[in-house]
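Notes to accompany the following structure.
Please treat every number below as a calculation from the coordinates, not as lab data. Since this is a predicted model, take the numbers as computed values, not measurements. Backbone-built Cβ (ideal geometry, glycine too); neighbour counts: all protein chains shown.
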Amino acid sequence: MSENISSIQDLSAIDALTHIFNLGLSQKPQTALGAAAYYIDYIKYFPANFEKILKEVKEEIPKFSGSRLRLGRRQLLIDGMTAQILSLIDYENPIFKKMFGREMLLPADPKTIWETYKNRLDKVYMSMPESVSGLDAYFNNLSQTYNENFSPENMYEKLGQCMEERSIPVNYSAPWVLYNLLNNAKDGSNIVLMISGTGTFDAIHRSYYESILEKKANIEMLLGRRDQKQLNYIGYLKETYDKNLHVRYTPTENRGTYRIAILDDLFALDARKMLPQTKREPSHIGTLYYDKDCIADIKNNFDDMWTISHEININEIKDFKPPWWNPLKSRRPLRW
């Protein structure tokens, strides 16, 4: 009986995530079902190889093909739901194989994805089915399983057993970093970001920054350039979260491809944005560090760049606006 209940909950969760992916996260809606099924079973049965995951998916969705599951796995990487561990690591290390299996992916936290996007399901259902509306407990449990394997603290311990530097080279899409920051941020957390600014404040990314700041985390953000589009949105953020947000821009743009993300002493990402050959591939390559000394070194490098950068303050933003722009009239900044 419990197995049947579990299977029904799995199918409800897969169905809900499929709709979420179809509501704008996925570039290819036909891959959404495979992405949702792979994502849930990858976390549930980690570490596992592809054949094991496919077997479990087929038990939930009979006649589901391996090719559809592979396309879903690829879409997760493109959409930033997972990051790919690069082959710079010796996969044949017996301890590493035992820790990570053969599917070399680092997923985002399922609870964060669910909490961020579940309200979008109102656009799908006339009346929310009970099986879907009751999924909060399911994703809480799945998140506990996730944290046992992928939380920064547990990753630090696992990597310490199989690699001395406690770091992983990864290939990823930008939302993956924001998911991890949002998942691990809390009141008083200190977050450091260095980004180029191009596309940083596109609509698809804004909810992440706002949700992180709503948790009362502190963000130091160093932009590779200053432009009108950035200041438009920064004006809203600083009016709303001024005590928690500090933004500067570098005097030159020669670091436009350089990326840094640090959360306290839990993890640091040192990366570069690459030029993808197509839009259907992740565009960032970097190293994810869990070692405290490495995190401190990266933070020191950031601090050196921060000291020679230029402050963006609210008066500068107001001076940069047309005279009719008033950020206090609306919660959202106006466009022109």
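Odds and ends about this structure:
- Placing a label point 7 Å from the Cα of Asn190 along the Cα-to-Cβ line, the residues of the range 235-252 whose backbone N sits under 17 Å from it are 243-248.
- Mean Cβ count within 10 Å, highest first, over the residues of peptides 212-225, 293-306, 31-44: 31-44, 212-225, 293-306
- Compared with the alpha-carbon gap, the fully stretched path from Glu51 to Ser309 is longer by 87.8 nm at 0.36 nm per residue.
- Inter-site label distance for Lys292 and Ser87 at 7 Å from Cα along Cβ, in nm: 3.7 nm
- When peptides 167-178, 148-159 are sorted by average Cβ neighbour count within 10 Å, with the highest value leading, the order is 167-178, 148-159.
- Cross-link table Lys44/Lys215; Lys186/Lys243; Lys111/Lys216; Lys238/Lys273, entries beyond 23 Å C-alpha to C-alpha: Lys44/Lys215; Lys238/Lys273
- Shape of the range 100-205, Cα gyration tensor, a/c cut at 1.5: oblate
- Straightening the chain between Asp202 and Val124 buys 25.7 nm, computed as 0.36 nm per residue apart minus the Cα-Cα spacing.
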